[in-house]
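Asks: Dropping a structure here in structure tokens format, bear with me for questions.
The values are calculated or read from the model by the stated rules, or taken from the named source; none is laboratory data. The structure displayed is predicted, hence computed values, not measured ones. No Cβ is skipped: glycine too gets one built from the backbone with ideal geometry, and neighbour counts run over all protein chains shown. These accessible areas exclude ligands, DNA and RNA; they are computed on the full protein's heavy atoms, side chains included. Shrake-Rupley method; radii C 1.70, N 1.55, O 1.52, S 1.80 Å.
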Amino acid sequence: MSATATSPAETKPLTKNELLKIAIPTLAGTIAATLADPAADSFSGDDEQFLKFHGIYQQDDRDVRKQGKVHIMMIRGRIPGGVLNARQWIAFDDLSSKYGNNTLRVTTRQSIQWHGVAKSGLGALMKGIHEVMLDTLAACGDVSRNVMSAPTPSGTPAREQVYEDARRVSEALLPKTKAYHSIWIDGVQLNLDSPENKEFVDPLYGRQYLPRKFKAAFIIPPVNDMDVFANCLGFVAIVENGQVVGYNLLVGGGMGRSHGNAATYPRLATELGFLPKDSVVDVARAVLTIHRDFGDRTDRKHARLKYVVQERGADFIRAEVEKRAGVKLESPRRYTLTTTNDTYGWQRALDGSWFVTLYVSMGRIKDAGEHRMKTALRRVAEQFPGVEFRLSANQNVLLANVADGDRAALTALLAEHGVRTERQAGVLHSAAIACPALPTCGLSLAESERYLPDLLTRIEGLCTEVGLAGQEIVIRMTGCPNGCARPYMAEIGFVGKAPGRYQLWLGGNENGTRLNRIWKDMVKDADILPELRPLLTRYAAERTPAERFGDWVARVLWTEQPGTPV
Ligand code: SRM
């Protein structure tokens, strides 16, 4: 199969996105020309698609859509493993105040997004990111996205080894187009007619890149804080005597589905075997090229790697990985997973330094009333330049490398801005995530980030009433079925169907190894608590000692009412 293979369904036409990539394989489009034109407030539809490969989404402010479209840009960083130094944090903070909506959004894949950027500020923002040695290349688009890696420094020295492997994989899977540098750094429109640009073929991706996005993550058991089973490519570190000896390979996970289209579904990644540490990059390339060569380029709803794995089977994929990577996969090694959550508060790292995990409500870093988290983090970066900022896939921020003597001062500095390091949020809030949804996301059918905090407070009240005060339940919400906050892994998942209306999904588990199932197809805002009340009441009465809500759902409700497994 060649790097430019078209599609398994030869008879169906290629999607429009495929034709665009074939026509301009450098991904330059006419972005630089439009950028330089002060009269243009937005990019063309074709350039919208190319912009994604550069980490940029053209959106419009949906709060004011009725009065006419106001174009705004969302920019997403490429931050492998979610690690930033203090200087980079200050720059990111500046860029959000100067060009964005004065917030920074921690994403569910350990990145940062700037929202609300006008086209006129886009060039300066992109240069500002480059000036602190970071970029947004391939943060979106039909390529390998931000590679995730466990952020917590405690417990094992393996963390740094895994982080290095995540960086190597990220680097190896980067597209090689010159367009990014030429547009955002040099400010030059590539000559699309020159033979060099016209005939450009990426050495890894070919001329058509991937049929769809591709996602990779690394975890260190027993913590599954990256939700590794939701990824196209997962590496589970196998650690012996503090050293990573290799990884169990997971392939073909994903969340995205569409309402009313049963051919689209969330899928847990399949475990294929164990690989030695030194073949991690070769195996990553092999899995990516399997997606490149066998993914469906005729239907973007059927183009993710998960469908290739589901339809061709584990044995086929394993044989392809072994052939392409030149490695024989051994039987998977044993490991245990306990949780997908972060542990909040101060903890000591192995090297004696301290780190603190800070709860960020729905990933939105902002100043709101007394809770001035944005300013607090800025001051930390200014006053403690050795502190490292690490982003979690639960949309939180860890401050790492804090010297013993700085811990009290840093705690005080945060407290001055209303940011606590202990008892930071209610138990349901602490374990919840939500996608941005309205007003920025063009795909959103219902509120999510702006709505979930209040709903969580109401569910916490209900839990107290039925005798479940203090009981953690993983609750996730998205404004549409695409799965950006991984709602299909949650104990309770809310998936937007229409304004103020959500599907209710129940029965995921704490360690992220089980998909939930749909319980109700449409629940109105006002009916959510009445819907949950009898379930939570029964759970409180019937649970076995230490049984979680999701496990009770799977043990009891799924037996009584089997539903449709997805
Ligand atoms: Fe996502 C599209 C936000 C993680 C599945 N996602 C979008 C867009 C860009 C909407 C669009 O295409 O116009 C959203 C922008 C909203 C905004 O205004 O910011 C968006 N996705 C996000 C983020 C910011 C949610 C968050 O709360 O943090 C996450 C950014 C991650 C990053 O830094 O790279 C984000 N998206 C995810 C995840 C979770 C994950 O990867 O672990 C998923 C489910 C896993 C998966 O990919 O299957 C996810 N996003 C999607 C999909 C469905 C893809 C599919 O298979 O069908 C779309 C729609 C699409 O691609 O067409 C989508």
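Asks: Would you pick out the residues in region 470-487 that are out of contact with any Gly (no Cβ under 7 Å at 6 or more places or on another chain), within 16 Å of the ligand (Cβ to nearest atom), open to solvent by less than 30 Å² (accessible area, probe 1.4 Å) and of a type outside the set (Gly, Ala, Ser)? Quick ask: steps written out before the conclusion?
Replies: First, the residues of region 470-487 that are out of contact with any Gly (no Cβ under 7 Å at 6 or more places or on another chain): 470-473, 475, 477, 481, 484-486.
From what is left, the residues that are within 16 Å of the ligand (Cβ to nearest atom) are 475, 477, 481, 484-486.
Next, only the ones that are open to solvent by less than 30 Å² (accessible area, probe 1.4 Å) stay: 475, 477, 481, 485-486.
The answer is Ile475, Met477, Pro481, Arg486.
Asks: If you don't mind, there's one more thing I want to ask. Just to verify a result, which residue in region 98-121, among those that are among the small types (Gly, Ala, Ser) and more than 22 Å from Val387 (Cα to Cα), is most open to solvent (accessible area, probe 1.4 Å)?
Replies: Ranking the candidates gives Ser120 first.
Asks: Contact list please: Cβ distance under 6 Å, first residue in region 435-453 and free of Cβ contacts under 8 Å to residues at least 40 places away in the same chain, second residue within 12 Å of the ligand (Cβ to nearest atom), pairs at least six apart or on different chains.
Replies: That search, which allows pairs on different chains as well, returns Leu443/Cys480.
Asks: Got at least one residue in region 446-454 being away from the ligand (no atom under 13 Å from the Cβ), open to solvent by less than 50 Å² (accessible area, probe 1.4 Å), outside any loop (DSSP other than H, G, I, E, B) and within 24 Å of Arg105 (Cβ to Cβ)?
Replies: Yes; the residues of region 446-454 include at least one that is away from the ligand (no atom under 13 Å from the Cβ), open to solvent by less than 50 Å² (accessible area, probe 1.4 Å), outside any loop (DSSP other than H, G, I, E, B) and within 24 Å of Arg105 (Cβ to Cβ).
Asks: Would you check if Asp296 is over 25 Å from Asn224 (Cα atoms) and either outside any loop (DSSP other than H, G, I, E, B) or without any contact (Cβ under 8 Å) to a residue 60 or more places away in the chain (or both)? Please lay out each step first, then the result.
Replies: Values: over 25 Å from Asn224 (Cα atoms): yes; either outside any loop (DSSP other than H, G, I, E, B) or without any contact (Cβ under 8 Å) to a residue 60 or more places away in the chain (or both): no.
No.
Asks: Across region 181-196, what is the total count of residues that are open to solvent by 20 Å² or more (accessible area, probe 1.4 Å) and either touching a strand residue (DSSP E or B) at 6+ places or on another chain (Cβ under 6 Å) or not small (Gly, Ala, Ser) (or both)?
Replies: Total satisfying the criteria: 11.
Asks: Sticking with this structure for a sec: If the requirement is being at pLDDT 95 or above, away from the ligand (no atom under 11 Å from the Cβ) and part of a helix (DSSP H, G or I), which of these qualifies: Ala412, Ala425?
Replies: That would be Ala412, the only listed residue that is at pLDDT 95 or above, away from the ligand (no atom under 11 Å from the Cβ) and part of a helix (DSSP H, G or I).
Asks: A further question follows. With (1) open to solvent by less than 10 Å² (accessible area, probe 1.4 Å); (2) under 21 Å from Gly363 (Cβ atoms); (3) within 13 Å of the ligand (Cβ to nearest atom) as the list, and Gly141 as the residue in question, which single condition is left unmet?
Replies: Tallying (1) open to solvent by less than 10 Å² (accessible area, probe 1.4 Å); (2) under 21 Å from Gly363 (Cβ atoms); (3) within 13 Å of the ligand (Cβ to nearest atom), Gly141 fails exactly one: (2).
Asks: Which one of the conditions (1) farther than 25 Å from Ala432 by Cβ; (2) within 15 Å of the ligand (Cβ to nearest atom); (3) among the charged types (D, E, K, R) does Arg87 fail to meet, given that it meets all the rest?
Replies: Going through the list (1) farther than 25 Å from Ala432 by Cβ; (2) within 15 Å of the ligand (Cβ to nearest atom); (3) among the charged types (D, E, K, R), Arg87 breaks only (2).
Asks: Any idea which of Gly493, Gly461 is at pLDDT 95 or above and crowded, with 21+ Cβ neighbours inside 10 Å? Working first, answer last.
Replies: Values: Gly461 fails: crowded, with 21+ Cβ neighbours inside 10 Å.
Criteria check complete, one pass: Gly493.
To keep it simple, each residue is scored yes or no on (1) within 16 Å of the ligand (Cβ to nearest atom); (2) among the aliphatic types (A, V, I, L, M); (3) at negative phi.
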{"position": "Asp202", "(1), (2), (3)": "no, no, yes"}
{"position": "Lys215", "(1), (2), (3)": "yes, no, yes"}
{"position": "Ile220", "(1), (2), (3)": "no, yes, yes"}
{"position": "Leu233", "(1), (2), (3)": "yes, yes, yes"}
{"position": "Asn241", "(1), (2), (3)": "no, no, no"}
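Asks: If you don't mind, there's one more thing I want to ask. Among the residues of region 63-75, write down those that are of a type outside the set (A, V, I, L, M) and open to solvent by less than 50 Å² (accessible area, probe 1.4 Å).
Replies: Initial filter on region 63-75 (of a type outside the set (A, V, I, L, M)): 63, 65-69, 71.
Within region 63-75, Gly68, His71 qualify.
Asks: For region 328-366, give me each residue that is part of a loop (DSSP other than H, G, I, E, B), among the aromatic types (Phe, Trp, Tyr) and over 30 Å from Gly100 (Cα atoms). Outline the logic, then answer.
Replies: Of region 328-366, the ones part of a loop (DSSP other than H, G, I, E, B) are 328-329, 331-338, 340-344, 349-353, 359-360, 366.
From what's left, among the aromatic types (Phe, Trp, Tyr): 335, 344, 359.
Correct list: Tyr335 only.
Asks: Find the strands (runs of 3 or more DSSP E) located wholly in region 206-288 whose residues include 2 or more that are open to solvent by less than 30 Å² (accessible area, probe 1.4 Å) and in contact (Cβ under 8 Å) with a residue 60 or more places away in the chain, and list them.
Replies: By residue number, 216-219, 233-240, 243-251.
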